[in-house]
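K.L.:
Have a look at this one.
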Amino acid sequence: MLITSIKKRIFLTTTCTILAGVIIFIIIFSGGVMEVNAKTKELPIYRVDRDDKKISISFDCAWGVDYTDNLLEIMQEKGINCTFFCVEFWTRKHPDYIKKIADAGHEIGTHSATHPHMSKLSKEKMESELITSTKAIEDITGKKVQVFRAPFGEYNDLLLKTATSLNLFTIQWDVDSLDWKDLSANEIYKRVTERVRSGSIVLFHNQGKHTAQALPKIIDYLLNEGYNFVPITELIYKDNYQIRSDGTQVKNS
């Protein structure tokens, strides 16, 4: 009986040890796979890790020009430059504004050709959206397009890799003014000024109903806080960088 009992204990101990080893192996292996997947997932740039208080404001242009002259006048008065992301059909409908924006020293990026849900497109259609839209801008300005913002902020790995293959940096934002919701000028001001930090990218729309009303006060506040406004290609790192899981672009040490 004693021998049988000892054998049972040995068997149970051995079995438990083996099971524990298997569980640990699975946990470690799964963790490794998850880490690899996290590292290989493509991400756009939401903001830039920097401490010099440089920030960028950006405008998405797709539907009209009702307030665009006001926005340009404000930025000229304040002495700042920004980035406009323009859809191809807007570019072709308003080539005079494309030229006006570029001549004022602002940067122009592509916001696609037709403003589709690009993450649902094939690679060939993604390429077409990017190639034709950048060409439309470049034909007017004579300047190379370097940045792209996906319509609706939607993206997947294929879209980001396709944009990169065309030498475009895909740009999101970390501060959303929500001006497209027709918030009041005060609400827009509050949202932006409470969220901006060094390296931020702020999203506006050129057709925001109250954006032009909010912008002077926003700019004055941020200037007083020591912020410097630059176009996005002057904010981001062009090489030797990585993008953290929260979308922050970080310079490699």
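K.L.:
Would you mind getting me the FRET efficiency between Trp63 and Asn228? Use the beta-carbon distance for r and R0 = 35 Å, nearest 0.05.
P.N.:
0.70
K.L.:
How large, in percent, is the carbon and sulfur part of the accessible surface of segment 120-242 at a probe radius of 1.4 Å?
P.N.:
Carbon and sulfur atoms account for 46 percent of the accessible area of segment 120-242.
K.L.:
Next question, about the same structure. What is the dipole size for segment 102-253, taken about its Cα centre, with +1 at each Lys and Arg Cβ and -1 at each Asp and Glu Cβ, in debye to the nearest 20?
P.N.:
200
K.L.:
How far apart, in nm, are the 7 Å Cα→Cβ label points at Glu73 and Lys251?
P.N.:
3.9
K.L.:
In this model, which of Lys99/Lys123; Lys100/Lys135; Lys41/Lys161 are farther than 22 Å apart at the alpha-carbon?
P.N.:
Exceeds cut-off: Lys99/Lys123.
K.L.:
Students sometimes get this wrong: rank Trp173, Trp63 by accessible area, probe 1.4 Å, all chains present, largest first.
P.N.:
Per-residue accessible area, sorted high to low, gives Trp63, Trp173.
K.L.:
Take Lys41 and Asp239, extend 7 Å from each Cα along the Cα→Cβ direction, and tell me the distance between the two endpoints in nm.
P.N.:
Calculated label separation equals 2.9 nm.
The values are calculated or read from the model by the stated rules, or taken from the named source; none is laboratory data. This is a predicted model, so every value here is computed, not measured. Cβ: placed from backbone, ideal geometry, glycine included. Neighbour counts: every protein chain shown. Note: accessible area is taken over every heavy atom of the protein model, side chains too, but ligands, DNA and RNA are not part of it. Shrake-Rupley method; radii C 1.70, N 1.55, O 1.52, S 1.80 Å.
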